[in-house]
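Undergrad: Quick one: the structure is below, questions incoming.
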Amino acid sequence: MLTARKGFYVLMAFLLFSPFVLRVQASSTLTNYGIPYQTYTLGASNNLIPTQTAYIPVGVFGRDLNLQAPRDIHYKDGLLYIADTGNRRIVVTDRTGVYQTDYALDVFQAPTGIFVKDNYLFVADRTARAVFMIDRDTSEIVQTITKPTSPIYGQHNDFVPTKVVVDNSYNLYIVGEGSTSGIIQINYAGEFMGYLGINPVDLSLRRILFNFFVQNPDFARSLPASPTNVALGSKGAILTTNANVRESFKRLNISGINTLSPSTFYPTATLADIWMNHEDYIYLITEAGGVYEFDAQGQLLFHFNTRDATMTQTLGLTSSPSAIVSDEDGTLYILDRGYHAVHLYQRTVFVDLVHEAVTLYNDGRYLESKPLFEEILRQNSSFALASSALGSALAKEGNYREALEAFHDANDYHGYSQTFWEIRNEAIQDYLVLFSGVVAFSFIGVKTALWGFKRSRWRDKFLAFKAKLGEKKLVAELTYGLHVFKRPDDMIFGIKRLHKTSYLSATLFFMMFIMVYLINMYATGFLFRNADLSGVILQVSLVTGLFLLYVLVNYLVSTLLDGEGRFKDIFIASCYVLIPFILLTPPMTLVSNVLTYNEQFIYDFYNLIVVGWTLFLLVFSIKSVHNYKFWETFKTLLIIVFGMFILILIGLLVYSFIGQLLEFIASIIREVVYRV
């Protein structure tokens, strides 16, 4: 008995702990032939998918330099400049980490930003609240920039510089801690020029309600998020990183407008640094160790995570990365203030291939980039950017059908729309006469057939069959629903008083609604198919659950507000008013397969009319079924919506409570197993 009991406990322990054991093993296993991280790229569904290794860890240096909490690194002409914040100095090394010199000035208190321009160092010191311009040869301070005295800057605004970059005109772009107005611009003479790239304030419903009820302006006001880092891009562009906003990094033009592509994949993790190399590729490093590479337009190329979660100090893994740069050879240097070191990553041949293809593509040389993208897809068929670029190259060649397939594989909707327009235009030109002839011949044929049918002996038989079929109870109930198009009030009167319908016919209409909903979701044209095509059962369950919840709450509210409708009347009327959606949606579902974005207005307007009409009839059914006046109907509708929200909230709370209860029971079992 004791042996059996122990066996049972061992089995329970295995079942409870095996998911966690397997998860730990999976996360600690080295992948990609010894590389301690997996590299990803962007897939067609805008999700991260595995790809070939982009950067290989090749070394680490800095421990012999006695760095203490370094916060920034800059590369210039074969030298690395490190802001050694803890030691209050700037350390200079070559690309292999060999010490060259340092700048340890008495005025330094906590240097957190470093930039090199010509023969000058620009150092941002957050504690000294100043930016120092230093001659590299003499180590003398040429200029000290402190808080601007301009009234435009704001008398109550602090000046706490953390990062700095300098353009060709010696204009300084400074990140100020808590500078909610954007990047601080200072000219070569030290004069304040204004702010650049203020972040928008997203007013959510929660924030609007908070501002409405909280009268204290210090608590109720909403301030923009301040930029957290800055880098210098090509052609005068300024790159910034931002926290707590959707656009977590930006490429700003001189007007402060973000020029990245609207389809840019923005990391959600907190960004530590940003860098653009001489080839116009953007590199990001997050505080959690995530590395992202984008092209100049904001298209994600590669992502990998260097976080050393188990603190093993494995080559290539970081503790607390704070900055990132690259040299002319494409080697990445990641500054790690946790390990007080600099990690080196060498790019692979696959990255060289991608860079060459993307550079040609962004320069408009589509045909030259075509064989390169074909090779990329041969190595990784899920590389969405390659599929999209290949589609553009094929379209330039006039090979529209293959281009359409490439755009489809990449989920490039705009490219697909333009290419499909070309294919449709060619088809119209080639087959317009034939199509017109078929339509005219069909119209004449149908008219002739109807004329002959009316004069034949089959007409009387057909009318007799139609009359006999109309006598069937179910058929009569179903055809009665067509009254919703002419007199919906008469239809609801027939439902309540004349009993012209039943649960069966109403259920059939609801099943038709579900069927049309699914057909519309799956058969809509590629350009307008926005729904998630996974989880059909979940979709059906969600729609059915919301509908039945509406009927139930409608009935409960009506019993409290003296409504005349029975549960049967509410259910049947709610099903019957779905008929316009059932009959009018399939035609547009079919037509959407031959539309492009040029005709999107037609698609949107048509669906707006159908959905709007259906919702109006749903509200009208509340009024007619319960015999309410306008304001009674409006009040009932608000209570129904509020009641549905409360019941859904209660359901979520119960679901959460059950989940916590099961977790509590599982923890007790684990404890018992552990002690036994």
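Undergrad: Restricting attention to region 395-429, report how many residues are open to solvent by 90 Å² or more (accessible area, probe 1.4 Å) and under 26 Å from the mean Cα position of the chain (by Cα).
TA: 4
Undergrad: Oh, and also: Give me the residue from region 51-61 that is among the polar types (S, T, N, Q) and surrounded by fewer than 23 Cβ atoms within 10 Å (Cβ to Cβ) and, out of that set, nearest to residue 317 (Cα to Cα).
TA: Only one residue tops the list, namely 53.
Undergrad: Within region 62-91, can you find the residues that are surrounded by fewer than 19 Cβ atoms within 10 Å (Cβ to Cβ) and either in contact with a helix residue (DSSP H, G or I) (Cβ under 6 Å, 6 or more places away or on another chain) or closer than 15 Å to residue 318 by Cα (or both)?
TA: Within region 62-91, 63, 68, 69 qualify.
Undergrad: Select, from 90, 152, the only residue that is aliphatic (A, V, I, L, M), part of a loop (DSSP other than H, G, I, E, B) and either in contact (Cβ under 8 Å) with a residue 24 or more places away in the chain or closer than 29 Å to residue 320 by Cβ (or both).
TA: Just one listed residue meets the conditions, 152.
Undergrad: Residue 179 - would you say it is crowded, with 22+ Cβ neighbours inside 10 Å and among the polar types (S, T, N, Q)?
TA: yes
Undergrad: Of everything in region 129-148, what is part of a loop (DSSP other than H, G, I, E, B) and either touching a Phe, Trp or Tyr at 6+ places or on another chain (Cβ under 7 Å) or in contact (Cβ under 8 Å) with a residue 24 or more places away in the chain (or both)? Give them in sequence order.
TA: 129, 136, 139, 146, 147, 148
Undergrad: Please go through region 36-71 and give me each residue that is more than 18 Å from residue 99 (Cβ to Cβ) and in a strand (DSSP E or B), ordered by number.
TA: Answer for region 36-71, where residues must be more than 18 Å from residue 99 (Cβ to Cβ) and in a strand (DSSP E or B): 40, 41, 42, 48, 49, 50, 55, 56, 57, 58.
Undergrad: Given (1) within 27 Å of residue 630 (Cβ to Cβ); (2) crowded, with 20+ Cβ neighbours inside 10 Å, where does residue 560 come up short, assuming only one miss?
TA: (2)
Undergrad: If a residue must be under 15 Å from residue 286 (Cα atoms) and open to solvent by 20 Å² or more (accessible area, probe 1.4 Å), how many such residues does region 328-344 contain?
TA: Number of matching residues: 2.
Undergrad: Right, residue 501: outside any helix (DSSP H, G or I), hydroxyl-bearing (Ser, Thr, Tyr) and either under 30 Å from residue 410 (Cα atoms) or in contact (Cβ under 8 Å) with a residue 12 or more places away in the chain (or both) or not?
TA: In short, yes.
Undergrad: Now a separate question. Looking at 493, 547, 571, can you tell me which residue is of a type in the set (Phe, Trp, Tyr), open to solvent by 70 Å² or more (accessible area, probe 1.4 Å), more than 30 Å from residue 416 (Cβ to Cβ) and assigned to a helix (DSSP H, G or I)?
TA: 493
Undergrad: From 310, 348, grab the single residue that is at pLDDT below 90 and of a type outside the set (A, V, I, L, M).
TA: After applying the criteria, what remains is 310.
Undergrad: With the requirement that a residue be within 20 Å of residue 53 (Cα to Cα) and either out of contact with any His (no Cβ under 8 Å at 6 or more places or on another chain) or of a type in the set (A, V, I, L, M, F, W, C) (or both), what does region 331-345 give you?
TA: 331, 332, 334, 343, 344, 345
Undergrad: How many residues, within region 498-539, are of a type in the set (Val, Ile, Thr), modelled with pLDDT of 85 or more and over 24 Å from residue 601 (Cβ atoms)?
TA: Qualifying residue count, region 498-539: 3.
Undergrad: If residue 120 meets every condition in (1) among the hydroxyl-bearing types (Ser, Thr, Tyr); (2) open to solvent by 40 Å² or more (accessible area, probe 1.4 Å); (3) within 39 Å of the chain's Cα centre (by Cα) apart from one, which number is that one?
TA: The failed condition is (3).
Undergrad: Go through 616, 664, 601 for me and flag whichever is open to solvent by 80 Å² or more (accessible area, probe 1.4 Å), in a helix (DSSP H, G or I) and within 30 Å of residue 491 (Cβ to Cβ).
TA: None of the others qualify; the one that does is 616.
The values are calculated or read from the model by the stated rules, or taken from the named source; none is laboratory data. From a predicted model like this one, the values you see are computed outputs, not experimental measurements. Positions of Cβ are backbone-derived with ideal geometry, glycine not excepted, and every protein chain shown enters the neighbour counts. What goes into the accessible areas is simple: the full protein's heavy atoms, side chains included, and nothing from ligands, DNA or RNA. Shrake-Rupley method; radii C 1.70, N 1.55, O 1.52, S 1.80 Å.
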